[in-house]
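The values are calculated or read from the model by the stated rules, or taken from the named source; none is laboratory data. Being a predicted model, the structure only gives us computed values, none of them experimental. A quick note on method: Cβ atoms are made from the backbone with ideal geometry, for glycine too, and the neighbour counts reach across all protein chains shown.
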Amino acid sequence: MAAPRSTMKFWKPGSEAPGVSEERELPTETAASAVVHNPHAALSVEKQRQKLPVFKHRNNILYLVESYQTVVIVGETGCGKSTQIPQYLLEAGWAAEGKVIGVTQPRRVAATSVANRVAEERGAHLGHEVGYSIRFDDCSDPHATRIKFLTDGMLAREMMADPLLQAYSVLMLDEAHERTLHTDIAIGLLKKIQRKRRDLRVIVASATLDAKKFQNFFNLNESGDPNKDTCGIVSVEGRTFPVDIFYTLSPVPDYVKATVETVLKIHETEDDGDVLAFLTGQEEVETVVCMLQEQARTLSRHGLKKHLRVLPMYAGLPYSEQMRVFERVPPTVRKVVVATNIAETSITINGIVFVIDCAFVKLRAYDSRTAIDSLVVTPISKASASQRAGRAGRIRAGKCFRLYTEEDFEKLPESTVPEMQRCDLAPVVLHLKALGVDNVLRFNFLSPPPAQSLVQALELLYALGGLDQYGRLSEPVGVHMAEFPLSPMFAKMLLESGNFGCSKEIVTIAAMMQIQNVFVALPNQKKAAAREHRKFSVAEGDHLTMLNVYEAFEKHQKSSRWCQEHFLNYRGLVRAASIREQLRRMLNKFRVPRNSSEGDPDVILRCIVSGFFANAARLHHSGSYRTLRDDRELHIHPNSVLYGEKPPKWVVFNEVLQTSKYFMRDVTAVESAWLVELAPHFYKQAKHGSLASKRSKIL
DNA sequence: GTACATCAA
């Protein structure tokens, strides 16, 4: 046999249930509830609803919501909590007197698909009794909607208009254990609101692990008498199949190679069922896919009856390629999906019976001292490992092969560090200030972020003019900045654009910078793609290049074919168009004049500097760059159009990313005089015509 | 010479 036999050895220390809370319902249930206007079908919808595990807890849940201000619900995968609890509340009268039952989700797709399901079950038109609200897509009626699903980010936005959330009688935070930035903000604010609104009920849906933490946080009872507790708790069992966990006998030196071997071993020795393998990044995914495809060819030459179909899955993959992982395969074929963490929570692939878990994930980390973001390959948490394993138990009993020893598993942290503690807090601080939280250092965070991150954020907001010297939100700049659904530097740039006479161009640039992977290329078309991409690039840098791309996109009637021919991300550009529209409306509202630089690039570049002056770097004689703030070494990211070109002396950039080095992303050439002129409070002219940061002098 | 986890407003 030409294919190398696997050397991977696993052992199984006893079975472990994958039970983790989750998310979307089984697709069969959707099918069953599709017909609603036939009375018999409606009856079966009712029966279907009663079969869900959560139904047994209906009265208890309603009792708890009645008696406690907050209820923590520990609901495992497939228990039906997301779709049923809002309906129980509605049936019990919680939407009386025009009040709304709100349910938040971390992701847009979840918000819309769950809303769809519930509307179907109730035989209602989506957008009337049951609706949803996500960015760019508000499908709800302020008079008719009683159950509203929304993204947690959207709830954060709604608080700006309705600080006490008076429209709602109950808010359910679904998937709270994921601890996204917006969920955490909402949690802190809801606790504050509850002190003023005793009638507001909060339901936190979470995994087992964090339930106690949520309960302690929301319990306002300090008397020690459990009868006075303000937070109740209930557990609902799930409906999934058991997953056998296997560990390696010894540590694996190379998990990429081990993944390939394990897939082959499964293919050789296991029954039918598709395979899902988790890796950390695009490059690893492509390597494994490549190696497996080669093996698959060898195997089929040797007449193995079952074929392998190996497919990559990561966010940067073109949409049509992504869709391939959802296609059904004939029974003679075994599907193998090699994915990044996107498959852990964001998407669900049907038919998975085997999971391979390398124990690592790429996570964002934030250094509050240097204000630099990095992407670091980090060991996953136990919660994450359990979530990954659970992916194998959705259609029948499955198996999870962990490419690490049981001993190493025990060393993993219980749960992932919340996003709040590993990101730039400038947007959070601005948001909290806008909601009247004066002392952000004393805000009641569920998991307080490092104090230095908060100080760093306050400093930046002050430099941008969003806060005054007392740390209060400035009028009108700070107030307007907070309203933008963008980071403060972008908001500042937009608000200034009218004064520079280039608001039309800046709106486009800001919108384009919000989407990733504008330029796309499959590994086998890299050369042709690069040739096409070069047609858009300009010497000034990435910002004006993106402006070119968007203007060309509009000139060609936003055609998807044109995008394909030029290796551009069509869906991304469409998204940019709607973001652009939203921003344009906001500029109108703030009375920023609409004007165009009419082809003069300098005005645009100066406007960019007015927002991004803090992110400036100068060329060092070594060929790399140094930040003006604290003389840190930086490099131009290989994805920048300036990479490999003659390096400009001075640049500003959108963000820094640390992988193997510190890379600047979205880089544009500027002139040093602009920095002094546009940020005199930040930089001053030093000797030999160089610039110095005032900040670094102080510290 | 080098290279982007994921989601959201």
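Within the stretch A:122-149, if we keep just the residues that are in contact with a helix residue (DSSP H, G or I) (Cβ under 7 Å, 6 or more places away or on another chain) and within 16 Å of DNA strand B (Cβ to nearest atom), the residue that is farthest from A:Arg107 (Cα to Cα) turns out to be A:Gly131.
Do you know which of the residues in the stretch A:283-303 that are of a type in the set (A, V, I, L, M) and within 16 Å of DNA strand B (Cβ to nearest atom) is surrounded by the fewest Cβ atoms within 10 Å (Cβ to Cβ)? It would help to see each step written out before you state the result.
Filtering the stretch A:283-303 down to residues of a type in the set (A, V, I, L, M) leaves A:285, A:288-289, A:291-292, A:296, A:299.
From the residues that got through so far, the ones that are within 16 Å of DNA strand B (Cβ to nearest atom) too are A:285, A:288-289.
Numbers: A:Val285: 26, A:Val288: 24, A:Val289: 21.
Among them, the one singled out is A:Val289.
For the criterion of being closer than 23 Å to A:Ile515 by Cβ, more than 11 Å from DNA strand B (Cβ to nearest atom) and assigned to a strand (DSSP E or B), A:Val651 passes. The set of residues in the stretch A:305-315 being touching a residue at least 40 places away in the same chain (Cβ under 8 Å) and surrounded by fewer than 15 Cβ atoms within 10 Å (Cβ to Cβ) consists of A:Ala315 alone. Of the residues making up the stretch A:268-280, at least one is assigned to a loop (DSSP other than H, G, I, E, B) and within 16 Å of DNA strand B (Cβ to nearest atom). With respect to A:Asp152, determine if the residue is closer than 18 Å to A:Val204 by Cβ, within 15 Å of DNA strand B (Cβ to nearest atom) and among the acidic types (Asp, Glu). So A:Asp152 passes the test. For A:Glu283, the criteria (1) within 25 Å of A:Arg364 (Cβ to Cβ); (2) in contact (Cβ under 8 Å) with a residue 12 or more places away in the chain hold in every case but one, which is (2). Among the residues of the stretch A:617-648, write down those that are part of a strand (DSSP E or B) and within 27 Å of the chain's Cα centre (by Cα). Within the stretch A:617-648, A:Leu634, A:His635, A:Ile636 meet the criteria. As a summary of the residue check, A:Phe241 satisfies the conditions (1) closer than 15 Å to A:Val353 by Cβ; (2) touching a helix residue (DSSP H, G or I) at 6+ places or on another chain (Cβ under 6 Å) except for the one numbered (2). Which numbered condition in (1) among the aliphatic types (A, V, I, L, M); (2) at pLDDT below 80; (3) more than 30 Å from A:Lys257 (Cα to Cα); (4) touching a helix residue (DSSP H, G or I) at 6+ places or on another chain (Cβ under 7 Å) is the only one that A:Ala41 fails? The failed condition is (4). Across the stretch A:291-324, the number of residues qualifying as among the hydroxyl-bearing types (Ser, Thr, Tyr) and within 14 Å of A:Ile347 (Cα to Cα) comes to 2. Take the stretch A:615-644 and flag every residue that is near DNA strand B (Cβ under 8 Å from one of its atoms) and in contact with a Lys or Arg (Cβ under 6 Å, 6 or more places away or on another chain). Within the stretch A:615-644, A:His635, A:His637 meet the criteria. Out of the stretch A:406-425, which residues are in contact with a strand residue (DSSP E or B) (Cβ under 9 Å, 6 or more places away or on another chain) and either farther than 25 Å from A:Thr180 by Cβ or not in a loop (DSSP other than H, G, I, E, B) (or both)? Result: A:Glu406, A:Glu407, A:Asp408, A:Phe409, A:Lys411, A:Glu419, A:Gln421, A:Arg422. Report yes if some residue within the stretch A:547-568 is polar (S, T, N, Q), touching a residue at least 40 places away in the same chain (Cβ under 8 Å) and in the same structural domain as A:Met493 (by TED's automatic domain parsing); otherwise report no. Scanning the stretch A:547-568, I find no residue that is polar (S, T, N, Q), touching a residue at least 40 places away in the same chain (Cβ under 8 Å) and in the same structural domain as A:Met493 (by TED's automatic domain parsing), so the answer is no. The single condition among (1) surrounded by fewer than 21 Cβ atoms within 10 Å (Cβ to Cβ); (2) modelled with pLDDT of 90 or more; (3) away from DNA strand B (no atom under 16 Å from the Cβ) that A:Glu222 does not meet is (2). Regarding A:Ala521, is this residue within 23 Å of A:Ile636 (Cα to Cα) and free of Cβ contacts under 8 Å to residues at least 40 places away in the same chain? In short, no. Contact map, the stretch A:166-189: first residue not assigned by TED's automatic domain parsing to the domain that holds A:Phe443, second residue of a type in the set (Asp, Glu) and more than 15 Å from DNA strand B (Cβ to nearest atom), Cβ cut-off under 6 Å, separation 6 or more or different chains; pairs are A:His177/A:Asp210.
Only one of the listed residues (A:Gly498, A:Gly541) is small (Gly, Ala, Ser), more than 20 Å from A:Ala669 (Cβ to Cβ) and not assigned by TED's automatic domain parsing to the domain that holds A:Val667. That residue is A:Gly498.
Pick out the one residue from A:Val507, A:Val518, A:Val477 that is in contact with a Leu (Cβ under 9 Å, 6 or more places away or on another chain), outside the structural domain of A:Tyr319 (by TED's automatic domain parsing) and either near DNA strand B (Cβ under 9 Å from one of its atoms) or of a type in the set (Asp, Glu) (or both).
Details: A:Val507 fails: either near DNA strand B (Cβ under 9 Å from one of its atoms) or of a type in the set (Asp, Glu) (or both); A:Val477 fails: either near DNA strand B (Cβ under 9 Å from one of its atoms) or of a type in the set (Asp, Glu) (or both).
Unique residue meeting the criteria: A:Val518.
The lone criterion from (1) part of a helix (DSSP H, G or I); (2) away from DNA strand B (no atom under 14 Å from the Cβ) left unmet by A:Gln525 is number (2). Checked against the criterion of being in the same structural domain as A:Thr378 (by TED's automatic domain parsing), surrounded by 19 or more Cβ atoms within 10 Å (Cβ to Cβ) and among the polar types (S, T, N, Q), the candidates A:Thr280, A:Thr332, A:Thr269 yield just one match: A:Thr280. The set of residues in the stretch A:530-555 that are within 13 Å of DNA strand B (Cβ to nearest atom) and either more than 17 Å from A:His637 (Cβ to Cβ) or of a type in the set (Phe, Trp, Tyr) (or both) is empty.
For A:Arg324, the requirement of being basic (Lys, Arg), within 16 Å of DNA strand B (Cβ to nearest atom) and not in a loop (DSSP other than H, G, I, E, B) is met.
Conditions tested, residue by residue: (1) crowded, with 18+ Cβ neighbours inside 10 Å; (2) under 16 Å from the mean Cα position of the chain (by Cα).
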{"site": "A:Asn341", "(1), (2)": "yes, yes"}
{"site": "A:Phe354", "(1), (2)": "yes, no"}
{"site": "A:Gln387", "(1), (2)": "yes, no"}
{"site": "A:Glu406", "(1), (2)": "no, no"}
{"site": "A:Arg422", "(1), (2)": "yes, yes"}
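A single member of A:Gln582, A:Gln557 is among the polar types (S, T, N, Q), over 18 Å from A:Ser672 (Cβ atoms) and assigned to a helix (DSSP H, G or I), and it is A:Gln582. Which of the residues spanning the stretch A:654-680 are closer than 11 Å to A:Asn615 by Cβ, near DNA strand B (Cβ under 10 Å from one of its atoms) and buried (at least 21 other Cβ atoms within 10 Å of the Cβ)? Within the stretch A:654-680, just A:Asp666 meets the criteria. Of all residue pairs spaced 6 or more apart or on separate chains, those with beta-carbon atoms under 7 Å, a first member in the stretch A:418-444 that is within 28 Å of A:Leu375 (Cβ to Cβ) and a second member that is among the aromatic types (Phe, Trp, Tyr) and within 14 Å of DNA strand B (Cβ to nearest atom) are A:Arg422/A:Tyr366; A:Cys423/A:Tyr366; A:Asp424/A:Tyr366. When A:Ala521, A:Ala530 are checked against the criterion of being surrounded by fewer than 20 Cβ atoms within 10 Å (Cβ to Cβ), closer than 18 Å to A:Gly644 by Cα and among the aliphatic types (A, V, I, L, M), a single residue qualifies: A:Ala530.
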